[in-house]
Amino acid sequence: MNEDLLEMPLEEDIVREDDAAPETVPVPRSLIPHLSETAVLLDIDGTLLDLMPTPREVWVPPGLVKTLNRLLVRTNGALALVSGRSLNDIDLIFAPDQFPAVGGHGAEMRIETDSEAVAAHAPPMDKELKRRLAAIAKLSPGILLEDKGYSLALHYRLAPHAEKAIYAAVSLIRADLPNAPIEVLPGKCVCEIKHSGFTKASGVRELMTREPFKGRRPFFIGDDVTDETVFAIMPDLDGLAFSVGRRAKGVAGHFDAPSDVREFLTHLLDDERDAALP
């Protein structure tokens with residue numbers, strides 16, 4: 001068996017829990033006493049929005065956009081979505097509203113709602129490599145191919161039996177192209193391949209050097225393995241991280257589901273308003 005395949009983590013191997021992590025999430029005001037001093041950073045799929053069988057089926061629940069816009073005002077613009085999706089895809093989901101965002105796993109970012117996107121020194125994936133990876137989708141009906149520009153995702157939620165075959169095929173391509181600067185990101189029923197020069201963490205680090213995020217305490221919520229790079233850098237930024245759906249290593253606590261995250265954000269605004277009352 002190919003040695004790369006032996007080292008390639010499968011989905012059942014990547015859900016890691018920290019038994020020492022808190023069982024409950026503290027009340028919003030104790031976590032974030034002052035929104036004016038906080039940078040609110042939020043993953044999208046599986047964190048703000050419920051996961052669906054295909055990426056195109058996700059939908060924005062009523063009231064969420066209003067909550068995000070209120071948080072954007074209360075933080076003086078220091079709210080950002082942090083996603084593996086491209087900025088264009090993020091905008092389509094939340095249209096007609098736009099938010100500051102880190103997209104493409106750190107490949108691009110938008111600092112303000114009305115500013116142009118800034119590429120974070122991320123070259124597009126090689127066309128021939130992308131073509132070979134895209135062909136993996138033909139292994140089985142139900143494998144969905146998503147071209148994100150800076151990365152390629154193979155979704156198998158509709159074909160869970162194909163998981164091992166997908167990772168085996170990716171391993172063969174990596175063995176054939178050992179110098180290709182790519183990284184494989186196992187996720188929830190998805191295998192994503194991207195350029196190795198950037199991550200969500202590198203995007204967040206860059207974001208936190210820009211106004212209005214600079215000098216604030218970051219508060220990040222994420223759910224998937226790709227969010228673990230951001231969990232890991234929160235101590236460096238004097239920040240807090242929370243996971244969704246599992247007790248991930250290194251976080252301050254967790255939420256059970258995206259609906260709990262949405263409720264938390266609403267209460268966060270209510271607590272901030274109540275704290276300002278005489």
**Prompt:** Of the residues in the range 20-63, how many are open to solvent by less than 30 Å² (accessible area, probe 1.4 Å) and either closer than 15 Å to Asp91 by Cβ or modelled with pLDDT under 85 (or both)?
**Reply:** 9
**Message:** If a residue must be within 24 Å of Thr199 (Cβ to Cβ), open to solvent by less than 80 Å² (accessible area, probe 1.4 Å), aliphatic (A, V, I, L, M) and in contact with a helix residue (DSSP H, G or I) (Cβ under 9 Å, 6 or more places away or on another chain), how many such residues does the range 134-149 contain?
**Reply:** 2
**Asked** Looking at the range 110-122, which of the residues that are of a type in the set (A, V, I, L, M, F, W, C) and open to solvent by 40 Å² or more (accessible area, probe 1.4 Å) is modelled with the lowest pLDDT?
**Response** Ala119
**Asked** Would a scan of the range 168-178 turn up a residue that is closer than 22 Å to Glu57 by Cβ and open to solvent by 30 Å² or more (accessible area, probe 1.4 Å)?
**Response** no
**Message:** I'd like the residue in the range 67-83 that is under 27 Å from Thr199 (Cβ atoms) and in a helix (DSSP H, G or I) and, out of all such residues, is most open to solvent (accessible area, probe 1.4 Å).
**Reply:** Leu72
**Prompt:** Being open to solvent by less than 20 Å² (accessible area, probe 1.4 Å), in contact (Cβ under 8 Å) with a residue 12 or more places away in the chain and either in a helix (DSSP H, G or I) or acidic (Asp, Glu) (or both), is that true of even one residue in the range 123-133?
**Reply:** yes
**Item:** Positions within the range 227-240 being within 16 Å of the chain's Cα centre (by Cα) and either of a type in the set (A, V, I, L, M) or open to solvent by less than 20 Å² (accessible area, probe 1.4 Å) (or both), in sequence order
**Value:** Asp227, Val230, Phe231, Ala232, Ile233, Met234, Leu240
**Item:** Elements of type strands (runs of 3 or more DSSP E) in the range 163-260, at least 3 residues being within 23 Å of Thr113 (Cα to Cα)
**Value:** 217-222
**Asked** Cβ-Cβ below 6 Å, separation at least six or inter-chain, first residue in the range 230-245 and outside the structural domain of Gly187 (by the TED database), second hydroxyl-bearing (Ser, Thr, Tyr) and open to solvent by less than 10 Å² (accessible area, probe 1.4 Å): which pairs?
**Response** Val244/Thr47
**Request:** Looking for whichever is of a type in the set (Val, Ile, Thr), open to solvent by 20 Å² or more (accessible area, probe 1.4 Å) and over 26 Å from Met125 (Cα atoms) here; the options are Thr209, Thr199. Which one fits?
**Result:** Thr209
**Message:** Can you pull out every residue in the range 179-196 that is touching a strand residue (DSSP E or B) at 6+ places or on another chain (Cβ under 7 Å), on the phi < 0 side of the Ramachandran plot and open to solvent by less than 50 Å² (accessible area, probe 1.4 Å)?
**Reply:** Ile182, Val184, Leu185, Val190, Cys191, Glu192, Ile193, Lys194, His195
**Request:** Examine the range 262-269 for a residue that is under 30 Å from Leu144 (Cα atoms) and of a type outside the set (S, T, N, Q), and state whether such a residue exists.
**Result:** yes
**Prompt:** Does Ala101 count as assigned by the TED database to the domain that holds Pro212 and buried (at least 19 other Cβ atoms within 10 Å of the Cβ)?
**Reply:** yes
**Item:** For Leu152: the one exception among (1) farther than 17 Å from Ser171 by Cα; (2) surrounded by 15 or more Cβ atoms within 10 Å (Cβ to Cβ)
**Value:** (1)
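The values are calculated or read from the model by the stated rules, or taken from the named source; none is laboratory data. Bear in mind the structure is a predicted one, so any value in this text is a computation, not a measurement. When we count neighbours, we look across all protein chains shown, and the Cβ atoms used for this are built from the backbone with ideal geometry, even at glycine. We work out accessible area using only protein heavy atoms, side chains counted, and drop any ligands, DNA or RNA first. Shrake-Rupley method; radii C 1.70, N 1.55, O 1.52, S 1.80 Å.
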